[in-house]
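Below is one structure; the comments refer to it alone.
Every read-out reported here was derived from the displayed coordinates using simple, explicitly stated rules and does not represent laboratory data. Quantities reported herein were computed from a predicted structural model and do not represent experimental measurements. We place every Cβ from the backbone using ideal geometry, glycine too, and count neighbours over all the protein chains shown.
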Amino acid sequence: MNSKERVHAALRRQPVDRVPVFMWFHPQTALRLAQLLEIPVSRVAEAMGDDIRQTWVNNNYAMEGIVHEHEGASHVDFWGVQWTRIEGFNQITGFPLVHATREEALRYHFPTNHIPELLQRMRPIIECRQDFFIGCDVSPCVFEMYWRLRSMEEAMLDIAGARDFAGVMLGRCADFALQLAEEACTQFPLDWLWTGDDVGSQLSMLMSPETWRKLIKSHLRRIFAVGKSQGLWVAYHCCGALRPIIDDLIEIGMDVLNPVQCNCPGMDPLELKKEFGTDLAFMGGVDTQGVLPFGTVDDVRRATARLIAGMTRDGGGYILAASHAVPPETPNENIFAVYAEAGISKEEIFDRAAAIRASSM
């Protein structure tokens with residue numbers, strides 16, 4: 001069974017040879033694994049045996065796809081957002097619309113002239129389409145894109161006190177993600193459309209569910225519909241405690257929920273599986289705040305085995321993944337323990353790394 005077949009079968013609740021895996025690593029974690037395996041960072045996922053290949057074509061590329069060598073190094077992206085490497089990860093240090101008046105903000109132009117360039121990032125991914133499950137990430141889609149332009153404080157003030165203006169700006173953010181989705185689904189043979197819009201914190205949603213339904217839901221529905229119209233799975237990423245809107249997301253077409261941040265209220269993966277597993281598949285749930293970085297190898301293996309068993313209780317509907325990027329403080333052996341529970345041995349990983357090295361000689 002190759003990776004493409006494995007993921008499709010899991011999402012259809014059909015038998016698989018092992019649970020599919022799609023793990024995300026903090027840049028420092030990925031660099032450490034690359035050094036251990038003696039391969040380029042760009043090929044770590046391949047060596048580890050991950051089943052999904054995708055990349056960012058929207059603003060998330062500026063955050064995750066550009067890795068600065070030195071702390072404090074910065075870049076300004078096509079949207080005018082400034083990113084600076086802080087503790088190994090790009091964080092926003094400049095918001096282009098933070099001081100803009102409403103009139104100035106309404107004159108802002110999204111980088112539509114760069115869409116062909118943004119979509120070119122999919123070309124290397126598509127080369128793997130025969131064997132791997134292929135995704136295109138058009139996130140951030142609505143609210144998360146808006147606050148990256150406006151700043152979180154100003155975006156929340158707009159939603160609270162200038163709702164009509166905020167509604168227009170949120171719609172324009174969605175329009176750009178929608179255009180990317182339409183172009184990507186037309187140009188590339190995808191297996192899923194990856195969307196995302198973080199609206200959850202560690203404790204609750206960042207806005208009330210009612211406000212989300214009024215300002216955000218219809219825009220996500222439009223974006224989801226692009227993938228559904230092409231017969232694709234639609235995956236949606238939202239960190240934090242989003243339990244109050246899971247029913248809504250299913251209603252508008254979400255097929256796969258990520259990252260299932262298990263430490264947040266209402267987000268216990270096994271409880272979500274019981275409640276929504278008939279209508280929804282899940283990707284995530286491996287605890288990156290407690291067990292994975294700080295537990296023993298046995299702790300990690302037990303927790304991962306329990307997670308896989310519970311999340312595949314109906315025969316599938318689950319992709320093994322972390323609840324966030326695997327942090328740098330995670331011991332290598334704990335990472336290998338997660339993969340071992342998925343049926344990918346450490347020896348297999350090192351053998352693949354050796355083959356990668358041999359192929360590049």
Arrange the following residues from fewest to most other Cβ atoms within 10 Å of their Cβ: HIS70, HIS26. HIS70, HIS26
Given Cβ point charges of +1 (Lys, Arg) and -1 (Asp, Glu) and nothing else, what value in debye, to the nearest 20, does the dipole of segment 116-246 about its Cα centre take? 360 debye
Assign unit charges at the C-beta atoms only (+1 for Lys and Arg, -1 for Asp and Glu), then state the dipole size of segment 297-361 relative to its Cα centre in Debye, rounded to the nearest 20. 120 debye
Could you work out how much longer the chain between GLU271 and ALA358 gets when fully extended? Use 0.36 nm per residue separation minus the Cα distance between them, nm to one decimal. 26.8 nm
Projecting each Cα onto the charge dipole of segment 1-75 (Lys/Arg +1, Asp/Glu -1 at the beta carbon, about the Cα centre), which of VAL16, PRO27, SER42 comes out farthest on the positive side? VAL16
Which one, GLY284, PRO189, SER208, projects farthest toward the positive side of the charge dipole computed for the chain from Cβ point charges (K/R +1, D/E -1)? PRO189
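Arrange the following residues from fewest to most other Cβ atoms within 10 Å of their Cβ: THR304, THR195.
Ordered from fewest to most neighbouring Cβ atoms within 10 Å, THR304, THR195 come out as THR304, THR195.
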Straight-line reach from LYS4: which lysines have Cα under 29 Å away, leaving out those fewer than 8 places along the same chain? LYS228, LYS273, LYS274, LYS346
Order of LYS228, LYS273 - criterion: other Cβ atoms within 10 Å of each residue's Cβ, fewest first: LYS228, LYS273
Starting from the Kirkwood Rh over alpha-carbon pairs, what translational D in µm² s⁻¹ does segment 76-177 have by Stokes-Einstein at 37 °C and 0.692 mPa s? 216 µm²/s
